[in-house]
Structure formats: structure tokens, C-alpha cells
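Student: Below are the C-alpha cells for one structure; questions will follow.
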Amino acid sequence: MSPWESLLGHSEQRELFRRSAARQRLSHAYMLSGPAGIGKRLFAQLLAQSVFCREHGFAELNCCGECRACRGFSAGTWPDFLQVGVPAGKNVIPISKMVGEEGRRGKEGLCYELSMSPQASDRRVAIIDDAQKMSPESANALLKTLEEPPAQSMILLICDHPDNLLPTIRSRCQNVRFFPLTEVDLKELLIKNEMAESEEEAAAVAGLAEGSLETAGQLLNPDLRQMRKSITIQLGQMEAMKPLQVSEKVIKGLEELSTAAPEQRRNAQWLLRFVADAIQARLRGLATGDLSDPLTKRLGARKGVDLLAPMLARTLEASRQLDGYTPMKLVMEALFDDIARMFRESAKRS
Ligand SMILES: [Zn+2]
């Protein structure tokens, strides 16, 4: 089995590289761009492994997973493979990763290694993960390497936000765009990687994750899942909803999940997304004539849309407020208060 089988989707991109390899026209530098969590890093690693694999000719751009090169690559000991990224606990890729620690500048690091001849294969391959997070010094060091790329080298920049890269770097790389995974592929991955507990769960999460395995992983986090379940139940009982109690419970839940403010904010965004999802699901039900939900059944299609559409807009507004650094507590209190009020007014009219 080829290690490529662990990758789902992105077959056009693979074909593009294969055609270039077959014509001996691979560039020295590529930028693999696209949303986070869709498989760009895995793709780059498979590409590198395929360059090294002894079983397959270079033009095939495939790998066997069993030869000496493949085993060395998997063990992380293949000398011609280089990879840098943001070190744990840091926000940027520091200059030391590119040109060596102070005192050893120009004697180690990715740019130095790339300038050396390959030791065990025909070329050296370097992956720069989260390339948009290079410090300005790191980016400048890389730029020098890109301006005069060493022979027998290939650099793969992985990038979620290409706009944050120096234009001079972007213009020296061939851009290969990657797109979100399909729902079908995502579901298969969730089952294959044993991330979801059942087919149903995999399908539900795949439908919400916007083609990103990373997002799906977040959605499957047990704490967030619990939060999702609880808020969906609350929203299912809008008649009996006591807004202050709901917001208090939500805030307490978020504070228990994490004490760090950025983390809390991120979780709060997830919660708002669950609220929006629950409302959207009902709107979809109304649009398709499915009135199995007690609330939509009672309201009927027209009143249902009149209530739910503004409620959804209000939830998205809350999400923007949270991004704009309105305190989490205020955002939640005001949102649930408004949701309860919207429901009361709609019930009064019917
Ligand atoms: Zn191999």
C-alpha cells in the first residue's frame, strides 16, 4: 500500500506535481496554500518521501513505504529531508531555524543545510510549515536562498494565509492552491483515523466542519461536544428558556473549560457557532418542509422563518462582537436575552 493512500482528495494537485516531475520541470520552490486542516502538510511530506523513494522512479512521484529511503524518512532520520515550523510555545519561526543559533550563524539551519549537496538522494527537500509565521529576519534569510536556489533542492512552503507572506517570497514560489475536503472525504477520514465514535457522528461532524479535519477535531473535543449538546437542548426548549440562567450556565461552562482569556474566547466562538448551527438546522427543516421539530411544527413555515432568520443574524452579530473584544459575559447575556425576547414576541403574535 502506498503511503499516498492516507491522503484523501487533492488528486489534481498530485497530478500537477507528477506531470512536472515526468517532464523534469519541478520548480525549486512551491507554496502550498489553502485553509488550515485540509492535508497540505501531509501532501508535502508524501511529496518529499516520493522524491526519495528508491522503488519508484522520480517521474512516477510515488513512494512504497518499505524501501530504505521510505523507512528512513518515516523514522525521521533521512538526511536530505529538512522541516522547520513554529517551535512549541513560540509565535514565530525564529531566525535560528533558518541560519543557525547566534554564534553559529551561517553554519547550521535550513538555509545552510539546503546549500549542501544531498547525502543519500538526488536532491534535498525542505518543508517550511506555517510559512506565514516566519519572523521578518527568517523571511529575509529565506528570500536570499530563494533568489539563488541551490541546485538539487526543493522548498515547500505550507501556508494558510499567503497574504501574510512577503510578496517577494510569494513571487519566487509556484503557488499550488488546495481546497477544503469534501464532506464524503472528511467523513471517511474521521472514521479511518478513529476520531469519530460512529458513522452517524462522523457524518454529523463532517457536515459542520467546512472541509477541515482540524475543525472536525475541535468539534469532536469531548468538552466542546458536551457544550454543544447542552446548548442544543436549551434552544430546543425556548418556551421555558430563562435567558439569565442560560447565559450564566454558558459562562460558567466556558470558565471551567479554560482560565486563559484567548482560549475562552475561542471556545465562546465555538459555542456561538453551535447556536447558529442549531438555528440553521431548523431553518433548513422549514425550507424542506420537514416540521418534525416541535418548535418549527408549532410555528409553521412562515412564522418560523420570521423568528429564526433574525435570530441567526443576531447570533452572527454576537460572534463579531466577540471578535471585536466585547467582554464574553456581556456578549452572551445580551444574546440569550434577545433570543428569549424574540421568541416571546413571536409567540405573542401567533
Ligand atoms: Zn520507498
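Derivation of every value follows stated rules applied to the coordinates shown; laboratory data play no part. Everything quoted here is computed from the prediction, not taken from an experiment. Every residue, glycine among them, receives a Cβ derived from its backbone with ideal geometry; neighbour counts consider all protein chains shown.
Student: How do the peptides 121-133, 50-62, 284-296, 240-252 rank, highest first, by the average count of neighbouring beta carbon atoms within 10 Å per residue? List each step's numbers first, then the result.
Tutor: On the way: 121-133: 21.7, 50-62: 18.6, 284-296: 13.7, 240-252: 15.5.
The peptides rank, most packed first, as 121-133, 50-62, 240-252, 284-296.
Student: How much mean residue ellipticity at 222 nm does the chain get from its helices, if each DSSP H run of length 4 or more adds -39500 (n - 2.57) and you divide by all residues, to the nearest 500 deg cm²/dmol?
Tutor: Values: 15 runs with 196 residues, N = 350.
Rounded to the nearest 500, the figure is -18000 deg cm²/dmol.
Student: Applying the Karplus parametrisation 6.51 cos²θ - 1.76 cosθ + 1.60 with θ = phi - 60° to the phi angles of region 143-155, what ³J(HN,Hα) value in whole Hz is obtained for each residue in order, glycine and proline being reported as x?
Tutor: Going residue by residue, I get 4, 4, 5, 5, 5, 10, x, x, 4, 6, 9, 9, 10 Hz, with x marking Gly and Pro.
Student: Starting from 0 in steps of 5 Å, tell me what percent of the Cα-Cα pairs of region 96-167 lands in each bin.
Tutor: Final binned percentages: 3, 16, 26, 26, 17, 8, 2, 0.
Student: Here's a follow-up. How compact is region 221-349 by the rule of thumb for globular proteins, expressed as Cα Rg over 2.2 N^0.38 Å?
Tutor: My calculation over the Cα atoms of region 221-349 gives 1.04.
Student: Of the peptides 65-74, 19-28, how do they stack up when ordered by the mean number of other Cβ atoms within 10 Å, highest first?
Tutor: Working: 65-74: 17.5, 19-28: 13.8.
My ranking of the peptides, most packed first, is 65-74, 19-28.
Student: Which shape class, rounded, prolate or oblate, goes with the chain when its Cα gyration tensor gives a ≥ b ≥ c as root eigenvalues, a/c under 1.5 marks rounded, and past that a/b bigger than b/c marks prolate?
Tutor: Values: a/c = 2.88, a/b = 2.06, b/c = 1.40.
Because a/c hits 1.5 or more and a/b exceeds b/c, the chain counts as prolate.
Student: Further question on the same structure: Treating the Cα atoms of region 3-177 as identical point scatterers in vacuum, please give the log10 of the normalised Debye intensity I(q)/I(0) at q = 0.11, 0.19 Å⁻¹, two decimals.
Tutor: Log-scaled intensity ratios, in q order: -0.43, -1.37.
Student: Also, quick follow-up: Mind grabbing the base-10 log of I(q)/I(0) for region 1-90 at q = 0.15, 0.17, 0.21 Å⁻¹? Debye formula, identical points on the C-alpha positions, no solvent, two decimal places.
Tutor: For the requested q values the scattering log ratios are -0.60, -0.77, -1.15.
Student: Tally Lys/Arg at +1 and Asp/Glu at -1 over every other residue whose Cβ is under 10 Å from the Cβ of E248; what's the total? If you can, show how the numbers build up before the last one.
Tutor: Details: positive: K242, K249, K252, K329; negative: E333.
Spelling it out: positives minus negatives among the neighbours equals +3.
Student: Going Cα to Cα from K229, which aspartates and glutamates come in below 14 Å? Please leave out same-chain ones fewer than 8 positions away.
Tutor: Leaving aside aspartates and glutamates fewer than 8 places away in the same chain, those within reach of K229 are E201, D277.
Student: Just to check I understand the Karplus step: with θ = phi - 60° and J = 6.51 cos²θ - 1.76 cosθ + 1.60, what whole-Hz values come out for region 282-289, glycine and proline as x?
Tutor: Per residue, the Karplus-derived 3J(HN,Hα) values read 5, 4, 4, x, 5, 5, 9, x Hz.
Student: Same structure, new question: Taking the alpha-carbon distance from K252 and a cut-off under 18 Å, which aspartates and glutamates remain once sequence neighbours fewer than 8 residues away in the same chain are dropped?
Tutor: Straight-line reach from K252, under 18 Å: D223, E263, E333, D337.
Student: A follow-up question, please. Looking at this model, which pairs from K249/K348; K90/K144; K133/K187; K192/K249; K107/K133 are more than 32 angstrom apart at the alpha-carbon? Mind showing how you got there, number by number?
Tutor: On the way: K249/K348 27 Å; K90/K144 24 Å; K133/K187 30 Å; K192/K249 35 Å; K107/K133 23 Å.
Pairs exceeding 32 Å: K192/K249.
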